[in-house]
1. Here is a list: ASP276, ASP270. Which entry is modelled with pLDDT of 90 or more and surrounded by 15 or more Cβ atoms within 10 Å (Cβ to Cβ)?
2. Between ALA295, ALA311, which is out of contact with any Gly (no Cβ under 9 Å at 6 or more places or on another chain) and either farther than 25 Å from LEU174 by Cα or small (Gly, Ala, Ser) (or both)?
3. Output yes when any residue across region 33-55 is farther than 17 Å from GLY117 by Cα, part of a loop (DSSP other than H, G, I, E, B) and either touching a residue at least 12 places away in the same chain (Cβ under 8 Å) or in contact with a Gly (Cβ under 7 Å, 6 or more places away or on another chain) (or both), and no when none is.
4. Just one of the numbered conditions (1) in a loop (DSSP other than H, G, I, E, B); (2) of a type in the set (Val, Ile, Thr); (3) crowded, with 24+ Cβ neighbours inside 10 Å is not true of THR64; which one?
5. Take ILE319 and decide whether it is over 25 Å from ALA74 (Cα atoms), among the β-branched types (Val, Ile, Thr) and either out of contact with any Leu (no Cβ under 6 Å at 6 or more places or on another chain) or modelled with pLDDT under 95 (or both).
6. State whether one or more residues within region 290-310 are of a type in the set (Gly, Ala, Ser), free of Cβ contacts under 8 Å to residues at least 40 places away in the same chain and assigned by TED's automatic domain parsing to the domain that holds LEU174.
7. Tell me whether region 258-266 contains one or more residues that are surrounded by 14 or more Cβ atoms within 10 Å (Cβ to Cβ) and at pLDDT below 90.
8. Among the residues of region 211-244, count how many are modelled with pLDDT of 90 or more and among the aliphatic types (A, V, I, L, M).
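The values are calculated or read from the model by the stated rules, or taken from the named source; none is laboratory data. Keep in mind that what you see is a predicted model, and the values were worked out from it rather than measured. Backbone-built Cβ (ideal geometry, glycine too); neighbour counts: all protein chains shown.
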Amino acid sequence: MGGLLSDPEVEAVWVSTPSHLHCEHVAQIAGASRHAVVEKPMATSLDECQRMIEACAKNNVVLTAGGARSFDPAFVAMRSVIDSGRLGRLGGLAAWAYTGWILRPREPHEVDVSQGGGTVFNQAPHPVDVLRLLGGGLVRSVRGATVEFPLAGRPCPGYINACLQFEDGTPATLMYDGYGYMAGWELVPWGETPARLSAAEGPMQYRKALRAGTADEYGGKERLRFGSDRGESRFPDRDGNWTPMDAGIVVAACERGRIRQSASGLYVYDDDGRHDELIAGLGDNRSNEVPELRAAMDRKPSLHDGWWGMATMEVVLAIMHSAAQAAEIRLSHQVPVKR
């Protein structure tokens, strides 16, 4: 870290270290007068989020809460349709995600909830951030439940269900299943391709290896690292069409219509039927993430600042607390979407 922060060519640092180290590393980066982009989860507690925000403010540098699917062009466009008023007021939101997060090779900290690991910490920020973007940002309360199905080497819940209510009364439901029995692409008619069917064999075999205690976690992790000389494609099934990923299928129910993702943009439903509205760069959250960072560095308004990231973490932590207490959790650190 020292060499990186002493390099005069480095303006900003992308923090993708283990979750429990995010606060410490952002403080070091801010102390060296460098901007920071921190991957989700932003931190493991609201106190850590607060300290990160204060460290960056003290050193007059930008803190961007990165990595979440709310940067995706489709969700940004969906928010624009809602804001336009063409379908009337927003009445409800729903997100359903099916992934194989549990079945990917993992280092111990990635599945240790005490260190910010596990599906809730690492994956819930995706749909939560999207729902907050579409719903206006201000979540009033959360009721959540999590389920852990026994699987060797995965001591964390992999199934999440939550109900969010926004300050204006808008409800939002969230379901995330990371156990890999189903894939999100199965839920759209264009999703099944030979490449995806072939790629689905890997997770199934890895589940069997986990059950048998023969999974090569380190070797598998190395093969999936960016830049690894043993590398395999992290995305072997991409074919140019959008399919449900970490945030899943998201539907916005408005007074006079509905909105959801299509293969090439958005399906917008109104009284005249269904319209497929094309979007350039569909599914590439980095295409919006990097320009937003640059704009923030130029002191222009930024949605995904530290306060936004802290608000998303408050919802994620509330899901965990609600599941543990079987109670509704009221929130107090929410911020609105910046227009």
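1. Details: ASP276 fails: surrounded by 15 or more Cβ atoms within 10 Å (Cβ to Cβ).
On inspection, the qualifying residue turns out to be ASP270.
2. Values: ALA311 fails: out of contact with any Gly (no Cβ under 9 Å at 6 or more places or on another chain).
After applying the criteria, what remains is ALA295.
3. Taking every residue of region 33-55 in turn, at least one turns out to be farther than 17 Å from GLY117 by Cα, part of a loop (DSSP other than H, G, I, E, B) and either touching a residue at least 12 places away in the same chain (Cβ under 8 Å) or in contact with a Gly (Cβ under 7 Å, 6 or more places away or on another chain) (or both).
4. (1)
5. Considered against the rule, which asks whether it is over 25 Å from ALA74 (Cα atoms), among the β-branched types (Val, Ile, Thr) and either out of contact with any Leu (no Cβ under 6 Å at 6 or more places or on another chain) or modelled with pLDDT under 95 (or both), ILE319 comes out as yes.
6. The answer is no, given that none of the residues of region 290-310 is of a type in the set (Gly, Ala, Ser), free of Cβ contacts under 8 Å to residues at least 40 places away in the same chain and assigned by TED's automatic domain parsing to the domain that holds LEU174.
7. So far as region 258-266 goes, no, none of its residues is surrounded by 14 or more Cβ atoms within 10 Å (Cβ to Cβ) and at pLDDT below 90.
8. So the answer is 2.
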